[in-house]
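In what follows, a structure is listed as structure tokens, so that the remarks can point back to it.
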Number of protein chains: 2
Amino acid sequence: MSAAGGRVRAVIDAVLPAVDGGRFAVKRVAGEALEGEAHCFADGHDVLRARLLWRAEDATAWQEVEMQPLGNDVWRAQFIPEGIGRYRYSVAAWVDAFATWRHDLARREDPADRAVAVLSGAYLAEEAAARAKDENAGADAQQLADWAKRLRKGIDAALDEEMAAIAARHPDRSLEARWPVEMPLTVDRERARYSTWYELFPRSAGETPGRHGTFADVEKRLAYVAELGFDVLYLPPIHPIGRERRKGKNNAAAAAPDDVGSPWAIGAKEGGHKAIHPALGTLQDFRRLVKAAAKHGMEIALDIAYQCAPDHPYVKEHPEWFRKRPDGSVQYAENPPKKYQDIYPFDFECADWQGLWAELKSVLDFWIGEGVKIFRVDNPHTKAFPFWEWAIGEVRRAHPDVIFLAEAFTRPKVMHRLAKLGYTQSYTYFAWRNSKHELTEYFTELAQGPGREYFRPNVWPNTPDILTEALQIGGRAVFMQRIALAATLAASYGIYGPAYELLEHQPREPGSEEYLDSEKYQLRHWDLARADSLRGYIGALNRIRRDNPALQSDASLRFFGTDNDQLLAYGKQTADGSNQIVCVVNLNPHHAHSGWVELDLGWLGVEPDKPYQVHDLLSGARYLWTGARNYVQLDPQRSPAHVFRLRRRLHREQDFDYFL
Amino acid sequence: MSAAGGRVRAVIDAVLPAVDGGRFAVKRVAGEALEGEAHCFADGHDVLRARLLWRAEDATAWQEVEMQPLGNDVWRAQFIPEGIGRYRYSVAAWVDAFATWRHDLARREDPADRAVAVLSGAYLAEEAAARAKDENAGADAQQLADWAKRLRKGIDAALDEEMAAIAARHPDRSLEARWPVEMPLTVDRERARYSTWYELFPRSAGETPGRHGTFADVEKRLAYVAELGFDVLYLPPIHPIGRERRKGKNNAAAAAPDDVGSPWAIGAKEGGHKAIHPALGTLQDFRRLVKAAAKHGMEIALDIAYQCAPDHPYVKEHPEWFRKRPDGSVQYAENPPKKYQDIYPFDFECADWQGLWAELKSVLDFWIGEGVKIFRVDNPHTKAFPFWEWAIGEVRRAHPDVIFLAEAFTRPKVMHRLAKLGYTQSYTYFAWRNSKHELTEYFTELAQGPGREYFRPNVWPNTPDILTEALQIGGRAVFMQRIALAATLAASYGIYGPAYELLEHQPREPGSEEYLDSEKYQLRHWDLARADSLRGYIGALNRIRRDNPALQSDASLRFFGTDNDQLLAYGKQTADGSNQIVCVVNLNPHHAHSGWVELDLGWLGVEPDKPYQVHDLLSGARYLWTGARNYVQLDPQRSPAHVFRLRRRLHREQDFDYFL
């Protein structure tokens, strides 16, 4: 109990948003407001006041914003943090004697009663004057003192608005209630919320088939990737690849002498997680690539896979970090009966866990030192959770602009935990959500479920590990459809290219989601100039994303009804409604479909009886629609998706119709 | 971080049930299980174990129940607390090396691999043996040691079920995760969940009109109230009534010399909250009443109204507990422009708040000392909330069988807060919920909303302050209908009688919910033998409640569809389905209504194509129904409600149909 003891009458019953009651941070990006809500009340009829408190985590003083009552004991205020970093927020509320007095006075009818009440006001004004003086607000103190004198003389200026405003600046908060939790808030840079990823294997970026690609080759590829509209270029591990138990092409148990191995089998005599595969180039080459990418408006994202090939230097230098089998050999990764003998996992239960943690974090620090600010973390759900909370927390304390993407395709609560622990973005189940029902349910949950405060989806129609059944059988139309969905449903999405734009769709074997001749195990050569490439379509989609802020965040997503289950319709808009996008996608890659789409005109702020224009930003076509229900037809062979921008009718004096 | 440091790999992401993350207690009654749920997982594929921990609040050692995984990382277990009182529960989870080993071993296919794994098992068995020895489980230790020897010799008893069970009793929990909150649980006696209240004014219980009734008169009334089936007899304040500013009949500002005043204007020269109004009798008379009520299976509930008449002894003895106006007078209750000059509220912000709290609590202690175990607290939302948490907590620590009913008809969050702070039961909005939509929505929220863990509704169709519009105009049928709803929708309900059974329905003035000639301000005399009295109907309803445990709790409530908005249908059943009640109520007191009711047969466990019997426990009529949709007709002039007990068909060899 505070010094005020049992005299505190204000109650703060809840503070929102909250992730697990304040155990984990709510996430925002720079420039976004944190809208805080509190459930506050007191006994009886007295007037309450409440303030939202906030501060940078390392600041000592709180900043305060007056909260407004919305009814039903809900109070709200917002603040915009100064920049990226870690913040705290909380709420204070108190029964305000001055506000109560004024509220009551305005309602008093009996003149005698009123006279006594004015005298009470004089006391309150004097007390407020004393507080103003203590707060070094001399002018306020003087005005309040003068006012008190007038009240004592019975001069009835008791409801003076200006005096009320001055008194309100110096409330008596000696009996205030304080929300006991300092709720954490993480403010990221904008790319945490809106990003467009392109994954490529540097070793396949060579211009000559069969030759191992290099960072220099990737540099030459930058213009192409930038033209497609991506802003994050993500590279699978760039480290030396183990030779012991190396896998061959198509995951063959034994590698042929010239097989290049999997980049995720990290470490060989040339080095481990802080080294660069000699065939890719040097650290200098890497630095040059990072800089060249920046010139194209792109960032390099690195893959962090905390696991070792048997010949990783760690295995000899730090045998204590690995589990031993009873025969003395190092325990390889396994999920019986499956064995992954080319991979040694770290033992997060080992006695030297502190040494292990420090070393793993130093890998991040090393690459941050080389200019990398985005990490895609491989299988984080197979490493101890407390490590992530610590490592991400420590890294981001020093470098709040670093972004972590969790590559966890696993059970929902596990994926959510990783996001709570600090991951900036998370892979999703998007690749396996195909039907109208699945997409609607899943993206509604992502946009509106409790995860909206901390789980930022990054959706991928393919990855080097995931060639979905839909992509295997749907032809070019499904490649268009799935990327159109990804680019418009999610503010962050990515593709594994050039496999994607070149429609790569052969599985290693029927029933498998693995690519045939996967780049994971061999070099590939891609003909980027192929006529059927989707490069133009993808570039158009990504330009639409850049031009339309509605597509750069997820919170506003809303699905609309259609009378055809093959047609998915949804919209996004900016908070002020100045940018509104409505998408209609034909989910069937084989047949044209048509039907009626029923927009939520109230949500869009469109008058039900006035025409409005929908402008397809992909085709350039414009349609004049009226009312909620409008007809759409989509032929997947031409384009499976409309990405409409809504344009409202401008009323001009000439009585012509213009559209904004 | 615990001693195990960063090596703890198990994660406990949530523990349920929880009220505000464990800030407040979940409520159960004696004999009920607490079903605990935890969201637990670990990195990777290792096998997790989890236990639900619980203990009486003053016990030092936890009891443990193994939790079972239900899928989706949800684990569940339950325990039944030993009796009423305060408990704590929490969860422990750990990555279990032994269970992981055994799980993997069963899946290993490679013989060499298996042989190495069996050796690992020997190590694990030896470790388990050592732990068993430390835990003084000598026999287990010996068996495990023997088993380890066999494993070392290569004798393949590795998947021995018995050994696994023994090893499971001695897990290695050195790296266990522990839920950081010891979640509070309050276990009440059964009446907290299931109670039937009758409120009467003792001073109107006299046999002669115009004579002030006494406790002795109430004693004579006990048989009547018991015959009606009530188990709580609640008396408005029984203390001396203030003479200063006493209100007259029908709340007249000035009392006539013979006016008896409001029992809620507590205190006069004869005493205050610990005294008895001399006209009602003596403390001895009160004690006799308490004992006599018990013989009828009833408890006396007292009204606690923490406020004073101007001549309450506290006002002189403790002027520091009251707020002063600038003119030196004591601040009376007010909500401008309304004044309640006959009532002085306590000042919960006063400097001597500790003295005030102690005295107020001593009032409870005094009456507990006189055998009172149930308190109906008047307007708790106009007294400081921290006081309630402290006072109820302290009282119930010493007397866990004491029940508090909060008479707060106010905003939802305020009512919920009082329930969280410790109130056992709460008044509700039932009196003002009349339509099918209103009743369905409100009772669904009460039964299934977050409040279900702590907010126990006690529903009243009338009170001395609440004569609803529906009762004013609906005639006898609406009195039957409203009490039938109350008695079957809610496990706890009450009426203010004899006004209720005698159909008292005249308001003081049009548009008012106050009774004309309210007993709050004057004596009344009631003719209990009146032919139109509902005593028989009420007695029947309450007997049905006693005979049917389905009606004695709220959690199972479920509404059924009807094709007529004047027909409300709902059901309740016991957890084992052995007692099932289906009610259909005609909400229109003026006209007969008929329609089709659509039961949820899956929920009731009734086969869709088999007939079943519904037995109206009010009328005795029985109907044979088949399938979900059945026809119902209700004439409110005869009976506005069916209270059916479902009886299933028994299959007997003779091929006759019997119903249980």
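The values are calculated or read from the model by the stated rules, or taken from the named source; none is laboratory data. In this text the structure is predicted, and so the values were computed from the model without any measurement. Heads up, the Cβs are rebuilt from the backbone with ideal geometry, glycines too, and the neighbour counts pull from every protein chain shown. Accessible surface areas use protein heavy atoms only, side chains included; no ligands, DNA or RNA. Shrake-Rupley method; radii C 1.70, N 1.55, O 1.52, S 1.80 Å.
Figures for the structure shown
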| read-out | value |
| --- | --- |
| Under 10 Å, Cβ to Cβ, from residue A:464 - net charge with Lys/Arg +1 and Asp/Glu -1 | -3 |
| Convex hull of Cα atoms in the stretch A:17-128, direction-averaged projection (nm²) | 9.2 |
| Identity and axial distance of the chain A residue whose Cβ lies nearest the axis relating A to B, Å | A:21, 2 |
| Kirkwood-type radius of the stretch B:355-428, with distances r between different C-alpha atoms, in Å | 12.3 |
| The stretch B:94-137 and the stretch A:140-199: distance between their alpha carbon centers, rounded to Å | 63 |
| Stokes-Einstein D in µm²/s, Kirkwood radius over Cα pairs - the protein assembly as shown at 25 °C with 0.890 mPa s viscosity | 67 |
| Cα Rg, Dmax, the stretch A:440-596, angstrom units | 16.6, 50 |
| Qualifying lysines (Cα of each under 30 Å from Cα of residue B:295; at least 8 residues distant if same chain) | B:27, B:220, B:274, B:361, B:373, B:520 |
| Distances in nm from residue A:328 to the matching label points in the other copies, shortest first (labels 7 Å along Cα to Cβ) | 10.1 |
| Stokes-Einstein D for the stretch B:104-244, Kirkwood Rh over Cα pairs, 4 °C, 1.567 mPa s (µm²/s) | 59 |
| Cα-based convex hull volume of the stretch B:169-249 per residue, rounded to whole Å³ | 238 |
| Debye intensity ratio I(q)/I(0), log10, the stretch B:317-401, q values 0.12, 0.13, 0.22, 0.27 Å⁻¹ (C-alpha model) | -0.44, -0.51, -1.16, -1.43 |
| Teacher prompt: residue B:256 distances to equivalent labels in other copies, 7 Å Cα→Cβ, nm | 11.5 |
| Cα-derived Rg to Rh of the stretch B:407-458, Kirkwood definition | 0.95 |
| Solvent-accessible surface ranking, highest first, for A:485, B:528 at 1.4 angstrom | B:528, A:485 |
| Teacher prompt: residue B:340 distances to equivalent labels in other copies, 7 Å Cα→Cβ, nm | 6.9 |
| Centroid-to-centroid separation of the stretch A:605-619 and the stretch B:319-359 [C-alpha atoms, Å] | 63 |
| Helix-only [θ]222 nm of chain B, DSSP H runs n ≥ 4, -39500 (n - 2.57) each, per residue, nearest 500 | -8500 deg cm²/dmol |
| Cβ neighbours within 10 Å from other chains - mean over A:103-109 | 3 |
| 5 Å binning of all Cα-Cα separations within the stretch A:398-531, expressed as whole percents from 0 upward | 2, 9, 18, 21, 19, 15, 10, 5, 2, 0 |
| Residues residue B:543 and residue A:441, FRET efficiency given R0 of 60 Å [Cβ-Cβ distance, rounded to 0.05] | 0.80 |
| Note, ³J(HN,Hα) from phi for the stretch A:583-599, Karplus 6.51, -1.76, 1.60, rounded to Hz, x at Gly and Pro | 10, 10, 10, 7, 7, 9, x, 9, 10, 5, 9, 9, x, 9, 9, 10, 6 |
| For the stretch B:519-573: rounded, prolate or oblate by the Cα gyration tensor [a/c cutoff 1.5] | prolate |
| Distance cut-off 16 Å, percentage of C-alpha pairs in the stretch A:456-530 lying past it | 49 |
| Packing rank of A:63-70, A:386-393, B:364-371, where each peptide gets the mean count of other beta carbons within 10 Å, highest leading | A:386-393, B:364-371, A:63-70 |
| Alpha-carbon centroid distance for the pair the stretch A:533-560 / the stretch B:419-464, whole angstrom | 48 |
| Cα Rg, Dmax (largest Cα-Cα span) when computed across chain B, Å | 30.5, 104 |
| Relative contact order (%) - criterion: Cα under 8 Å, at least six apart; region: chain B | 10 |
| Relative compactness, the stretch B:230-309, computed as alpha-carbon Rg over 2.2 N^0.38 Å | 1.20 |
